[in-house]
Amino acid sequence: MKGMNLKEIDTEKFQHDLLEWYKREKRDLPWRKERDPYKIWVSEVMLQQTRVETVIPYFERFMEKFPTLEALSEAEEEQVLKAWEGLGYYSRIRNLHSAVKEVKEKYGGKVPDTLEEMTSLKGVGPYTAGAVLSIAYGKPYPAVDGNVMRVASRILSIWEDIAKPASRKIFEEAIHRLMYTEDPSSFNQALMELGALICTPTSPSCLLCPVQEHCHAFEEGVQEELPVKTRKKSMKLVHIGAVVLKNKEGKFLIHKREATGLLANLWEFPNFEMTSFLDPETRLRKLLEETYKIDSLIHNGTFAKIQHVFSHLTWDIDVYAGEIQNEIPEDERVKLVKPEEIQDFAFPVSHQKIWKEYKRTIRE
DNA sequence: TAATCGTGGAG
DNA sequence: TCTCCAAGATT
């Protein structure tokens, strides 16, 4: 918005009120006990678009498995993916794993302390770079996430659409002007904590807010109108036919997904997009033959129908069972595994549901 | 820029 | 049930 003039606030008092509240009310989170830049970094990546309560157990387990940057850099991808299983946005862990290796080689294992070096790492954008540099190294960079944009839009009455990528700069500049340079770590975290606990998306607790007297949105009674955020359009629906295939030795066929795109490098049961519903068993049999050279016997009828909702599309999965009649060569992306070994592979939640239904319905 | 990329919880 | 969303990055 051109000519947009930021409201003036008493910066020093704002910082004081915010920081005092933060010291008093901050949650006792696992990563707040840590100073290790590696651990701060991991927590920030896990927290991207993910709730704190969801992240906590993942973070604890991850730190037991990979307690140091070096440990993670030396780990096998299978093992690392397994530790991320169920967290979603799997490119985050692929990028983090790659970035950690780069830090090991290029920076001798020390997480960079400059904005340029940090941002150059895979999966590290403006937010994560600012968060790690401020929290782990005390550098006065803003860490602008959804919370901070919401809080800032209300306090400073900024009516930029936070859904637009270009808006982030506006908020970074605004926050930079408010930055408490004596303690950037606490300042950034305090803003996010305020957004999480008080200045919530709906029904903000303005009466409990430590910086209420600084808030222009509250003064004008428009806190519920901010931030401005345009909706995104509704999603696609995709019909999938999936098959749980057992061979004569009682092993199950699993397939590793492509290295890029949706659910990259995760394991799955063979499945195909079904454009037609005419005789799905025959169609699946043909696709299995073409794709994997599998001579199969598909049972009539589905044993489960599963709907799985992603952020931008929905899968309607019809799940069939069948037997493999011929010998299948295994390779990097096609494996035959015993039922008790399924748990050793990283599956997306959608295919965990398939396996769970299979065990519940078919076996016993 | 707009789309892509997961999941589980809340209102 | 439906909609939105939660400490974003990448292409």
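The values are calculated or read from the model by the stated rules, or taken from the named source; none is laboratory data. Everything quoted here is computed from the prediction, not taken from an experiment. All Cβ positions, glycine included, derive from the backbone under ideal geometry; neighbour counts span all protein chains shown. For accessibility, only protein heavy atoms count, side chains too; no ligands or nucleic acids. Shrake-Rupley method; radii C 1.70, N 1.55, O 1.52, S 1.80 Å.
Of everything in region A:39-59, what is part of a loop (DSSP other than H, G, I, E, B) and among the aliphatic types (A, V, I, L, M)? Give them in sequence order.
The one that is part of a loop (DSSP other than H, G, I, E, B) and among the aliphatic types (A, V, I, L, M): A:LEU47.
Has region A:247-258 got any residue that is within 16 Å of DNA strand C (Cβ to nearest atom), modelled with pLDDT of 95 or more, loosely packed, with under 15 Cβ neighbours inside 10 Å and closer than 21 Å to A:LYS82 by Cβ?
Checking region A:247-258: at least one residue is within 16 Å of DNA strand C (Cβ to nearest atom), modelled with pLDDT of 95 or more, loosely packed, with under 15 Cβ neighbours inside 10 Å and closer than 21 Å to A:LYS82 by Cβ.
Among (1) within 14 Å of the chain's Cα centre (by Cα); (2) farther than 15 Å from A:ASN188 by Cβ; (3) hydrophobic (A, V, I, L, M, F, W, C), which single condition is A:MET63 missing?
Looking at each condition in turn, A:MET63 falls short on (1).
Is one or more of the residues making up region A:242-260 assigned by TED's automatic domain parsing to the domain that holds A:PRO142, over 24 Å from the mean Cα position of the chain (by Cα) and touching a residue at least 40 places away in the same chain (Cβ under 8 Å)?
no
If the requirement is being of a type in the set (Asp, Glu) and more than 14 Å from DNA strand B (Cβ to nearest atom), which of these qualifies: A:ASP183, A:ASP161?
Matching residue, one of A:ASP183, A:ASP161: A:ASP183.
Just the residues that are under 30 Å from A:PHE269 (Cα atoms) and away from DNA strand C (no atom under 16 Å from the Cβ), please, taken from region A:208-246.
Answer for region A:208-246, where residues must be under 30 Å from A:PHE269 (Cα atoms) and away from DNA strand C (no atom under 16 Å from the Cβ): A:VAL238, A:HIS239, A:ILE240, A:GLY241, A:ALA242, A:VAL243, A:VAL244, A:LEU245, A:LYS246.
In region A:258-298, which residues are of a type outside the set (Gly, Ala, Ser), under 22 Å from A:GLU341 (Cβ atoms) and more than 16 Å from DNA strand B (Cβ to nearest atom)?
A:PRO270, A:LEU288, A:TYR292, A:ILE294, listed by residue number.
Which of (1) open to solvent by less than 40 Å² (accessible area, probe 1.4 Å); (2) modelled with pLDDT under 95; (3) closer than 18 Å to A:ILE254 by Cα does A:ILE362 not meet, given it meets every other one?
Among (1) open to solvent by less than 40 Å² (accessible area, probe 1.4 Å); (2) modelled with pLDDT under 95; (3) closer than 18 Å to A:ILE254 by Cα, A:ILE362 violates only (1).
Out of all the residues in region A:202-226, which are part of a loop (DSSP other than H, G, I, E, B) and either away from DNA strand B (no atom under 16 Å from the Cβ) or closer than 19 Å to A:LYS23 by Cβ (or both)?
Those that are part of a loop (DSSP other than H, G, I, E, B) and either away from DNA strand B (no atom under 16 Å from the Cβ) or closer than 19 Å to A:LYS23 by Cβ (or both): A:SER205, A:CYS209, A:PRO210, A:VAL211, A:CYS215, A:GLY221, A:VAL222, A:GLU225, A:LEU226.
Looking at this structure, is A:ILE40 more than 14 Å from DNA strand B (Cβ to nearest atom) and β-branched (Val, Ile, Thr)?
Criteria met by A:ILE40.
In region A:116-149, how many residues are assigned to a loop (DSSP other than H, G, I, E, B) and away from DNA strand C (no atom under 11 Å from the Cβ)?
Residues flagged as assigned to a loop (DSSP other than H, G, I, E, B) and away from DNA strand C (no atom under 11 Å from the Cβ) within region A:116-149 amount to 5.
Mind listing whichever residues of region A:335-349 are more than 17 Å from A:LEU245 (Cβ to Cβ) and either touching a residue at least 60 places away in the same chain (Cβ under 8 Å) or within 16 Å of DNA strand C (Cβ to nearest atom) (or both)?
The answer is A:ASP344, A:ALA346, A:PRO348, A:VAL349.
Consider region A:150-201. How many of its residues are touching a residue at least 40 places away in the same chain (Cβ under 8 Å), closer than 23 Å to A:LYS23 by Cβ and part of a helix (DSSP H, G or I)?
Total meeting the criteria: 20.
Where residues in region A:68-100 are open to solvent by 60 Å² or more (accessible area, probe 1.4 Å) and outside any helix (DSSP H, G or I), which of them is farthest from DNA strand B (Cβ to nearest atom)?
Of everything passing the filter in region A:68-100, A:THR68 is farthest from DNA strand B (Cβ to nearest atom).
Please give the number of the condition A:LEU207 fails out of (1) in the same structural domain as A:THR282 (by TED's automatic domain parsing); (2) of a type in the set (A, V, I, L, M); (3) more than 30 Å from A:ALA321 (Cβ to Cβ).
Condition not satisfied by A:LEU207: (1).
Could you please let me know if A:LYS110 is over 14 Å from the mean Cα position of the chain (by Cα) and either within 16 Å of DNA strand B (Cβ to nearest atom) or not in a loop (DSSP other than H, G, I, E, B) (or both)?
No: the conditions fail for A:LYS110.
Can you find a residue that is within 10 Å of DNA strand C (Cβ to nearest atom) and in contact (Cβ under 8 Å) with a residue 40 or more places away in the chain anywhere in region A:104-115?
no
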